[in-house]
Amino acid sequence: MWYVYIIRSIHFRDQEYIGATADLRKRIAEHNAGRSAHTSKFMPWELVWYCAFPDKHRALAFEKYLKSHSGRAFARKRL
C-alpha cells in the first residue's frame with residue numbers, strides 16, 4: 001500500500017505539507033526528526049489526514065493533484 005498524507009506544524013498552524021510514502025509511520029518520524037529539508041524548520045508535525053492507495057502510481061497522481069491549486073481547495077473544503 002501507498003499513502004498520501006497531510007501533516008500540519010504544531011507550532012506554525014498555517015504550515016501544512018502534502019506527501020506520499022509506502023511507510024507512513026517511518027515518514028512522519030523522519031519529518032519530526034528534521035530529515036526533510038522542506039519540513040525541518042517547522043517541526044514538530046502532526047498527521048492531519050491520510051489515504052491508502054493500492055499502488056504507487058495512483059498515490060503519486062493524487063499527491064500531485066492535492067498540490068495543485070484546485071487540489072488544495074478540495075483539501076481545505078473536504079479533508
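The table that follows gives values for the structure above.
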| item | result |
| --- | --- |
| Failed item in (1) modelled with pLDDT under 95; (2) farther than 27 Å from residue 77 by Cβ, with residue 38 passing the rest | (2) |
| Leading residue by the ranking (nearest to residue 1 (Cα to Cα)) among those in region 13-26 that are of a type outside the set (D, E, K, R) and part of a loop (DSSP other than H, G, I, E, B) | 22 |
| Matching option when the condition is hydroxyl-bearing (Ser, Thr, Tyr), in contact (Cβ under 8 Å) with a residue 24 or more places away in the chain and surrounded by 12 or more Cβ atoms within 10 Å (Cβ to Cβ), among 5, 65 | 5 |
| All positions within region 30-51 that are more than 17 Å from residue 14 (Cα to Cα), of a type in the set (Gly, Ala, Ser) and surrounded by 12 or more Cβ atoms within 10 Å (Cβ to Cβ) | 34, 36 |
| Qualifying positions in region 27-79 - of a type in the set (A, V, I, L, M, F, W, C) and in a helix (DSSP H, G or I) | 28, 29, 42, 59, 60, 61, 62, 66, 73, 74, 75 |
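Residue-by-condition table, conditions (1) at pLDDT below 95; (2) farther than 16 Å from residue 75 by Cβ; (3) not hydrophobic (A, V, I, L, M, F, W, C):
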{"residue": "5", "(1), (2), (3)": "no, no, yes"}
{"residue": "16", "(1), (2), (3)": "no, no, yes"}
{"residue": "25", "(1), (2), (3)": "no, yes, yes"}
{"residue": "34", "(1), (2), (3)": "no, yes, yes"}
{"residue": "47", "(1), (2), (3)": "no, no, no"}
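The values are calculated or read from the model by the stated rules, or taken from the named source; none is laboratory data. Predicted model only: the values in this text are computed from it and were never measured. Ideal geometry is used to build each Cβ from the backbone, glycine not excepted, and the neighbour counts take in all protein chains shown.
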